[in-house]
Structure formats: C-alpha cells, structure tokens
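As structure tokens, the structure follows; a few thoughts come after it.
The values are calculated or read from the model by the stated rules, or taken from the named source; none is laboratory data. A quick note: this is a predicted structure, and the numbers were derived from the prediction, not measured. Counting neighbours? That spans all protein chains shown, and the Cβs are built from the backbone with ideal geometry, glycine included.
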Amino acid sequence: MRSTPFTDSVARYRAGKFGMRIFLVSLGMLFAASLLGYLIIRMKPAPWPQDLPRLPGALWISTAVLVASSFTMQWALRAARANHQALLRTMMLITTYAGIAFLVIQFRAWLTWLEPVTLRWEDSSGNEYRYALAGFYVLTGLHAAHVIGGLVPLVVVTRNAFRGEYSADYHPGVQYVAMYWHFLDAVWIVLFATLKLSLG
C-alpha cells in the first residue's frame with residue numbers, strides 16, 4: 001500500500017471527500033465564470049439577435065438522460081453502502097452507458113444546429129449574432145469535455161465493481177464518482193436553462 005499521512009481508511013476516506021469537494025468548487029468557479037461571461041455579452045446594450053435558430057429538441061432528451069443517470073448513480077452508491085453487489089454493478093453499468101448516450105445525443109444536436117448556424121453566421125453583419133451562436137457551443141462543449149473526463153473514472157469504478165472491490169465498508173471510488181456526476185448534472189441543468197431562456 002502507498003504511504004499516506006492518514007493512519008486509517010476512515011481518515012483517508014474523509015480526506016478524499018474533502019478533496020473532491022475542493023475540486024468541485026474549483027470546477028464550479030470555471031463554469032460560473034464561463035456563464036457569467038456569456039450573460040455579460042447577453043446583457044450588452046447592443047440588440048440581441050431575434051432570428052436565432054431554435055435550440056435542437058434533442059437537448060431535452062440528453063437532459064433527461066443525464067438526470068436519469070444521476071439517479072442510477074445514486075442508486076449504485078446506495079447499493080454499495082448496502083453491499084448489494086449485483087445491483088451496484090448493474091447501476092454502474094447503466095450510468096456509464098447513459099453518460100455515453102448523453103454525449104452521442106449532444107453531438108447529434110450540435111450537428112443539427114451546424115447547418116443553419118453556419119449559413120446565418122456567414123450572412124451576419126453584427127458580432128452579437130456570432131457571440132450568441134458561439135456561446136452555445138462554448139458552454140455545451142465545456143460541459144461535454146467534463147463529461148468525457150468523468151467517463152474515465154466512471155469506467156474504472158464500474159470495472160472495479162465487477163471485480164468485487166467495493167463493499168459496505170469500502171467504496172470510496174463509488175462515492176467520489178457519484179459526487180462528480182451529480183455535480184455535472186446540476187451544472188448542465190443551469191446551462192441548459194440559461195441557453196433555453198436566451199436562445200429559445
């Protein structure tokens with residue numbers, strides 16, 4: 001076992017949760033800064049474009065998938081705490097597939113928006129229109145990048161679950177991934193609501 005400043009597993013677990021909270025706070029600041037920049041541009045005195053293409057309807061589906069995956073992730077955490085190994089493996093697998101499905105749906109939404117956006121971008125004479133369109137891709141792309149980053153530990157934890165490495169007394173990986181996944185869910189809801197209100 002690697003050397004650690006903590007004398008027991010409980011102390012390491014608590015330190016890990018504390019470290020994860022700090023990590024999520026730092027990510028929250030990144031998303032908050034990005035969102036604030038978008039809103040500042042949105043509230044500029046220059047008129048906001050009125051002929052923006054409507055947001056792809058697929059975003060509603062991807063939102064539902066991500067919210068559902070947050071429930072399955074929490075279900076997996078409860079299964080780990082209760083030492084229900086079969087349920088833990090099942091819920092981790094479903095959450096992993098849901099994360100992949102979210103990215104696939106997002107990618108299709110980006111492609112759906114790409115053609116009308118490209119045409120209007122080229123015809124646009126003002127920067128406000130381009131800011132509005134770029135904001136969609138910047139915010140959703142930033143979130144998607146963090147989902148991709150979250151899939152890596154999610155796959156690792158799922159693999160470990162199938163190897164039987166977690167129990168009611170030891171499941172830090174499940175806990176940390178659950179915290180991150182719930183964070184991504186909450187961030188996406190805020191981003192989606194903002195884009196929906198500003199872009200329609």
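Exactly one condition in (1) under 17 Å from GLY135 (Cβ atoms); (2) among the basic types (Lys, Arg); (3) at pLDDT 80 or above is not met by LYS44; state its number. Unmet for LYS44, out of (1) under 17 Å from GLY135 (Cβ atoms); (2) among the basic types (Lys, Arg); (3) at pLDDT 80 or above: (3).
In this structure, THR140 qualifies as hydroxyl-bearing (Ser, Thr, Tyr), modelled with pLDDT under 95 and crowded, with 19+ Cβ neighbours inside 10 Å.
Checked against the criterion of being part of a helix (DSSP H, G or I) and free of Cβ contacts under 8 Å to residues at least 40 places away in the same chain, the range 172-180 has at least one qualifying residue.
Listed here are the residues, each with its yes/no results for (1) at pLDDT 95 or above; (2) touching a helix residue (DSSP H, G or I) at 6+ places or on another chain (Cβ under 6 Å).
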residue	(1), (2)
TYR13	no, yes
GLY16	no, yes
ALA32	no, no
LEU59	no, yes
PHE71	yes, no
LEU87	yes, yes
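Quick check on my filter: what residues within the range 144-200 are polar (S, T, N, Q) and surrounded by 20 or more Cβ atoms within 10 Å (Cβ to Cβ)? The one that is polar (S, T, N, Q) and surrounded by 20 or more Cβ atoms within 10 Å (Cβ to Cβ): THR158.
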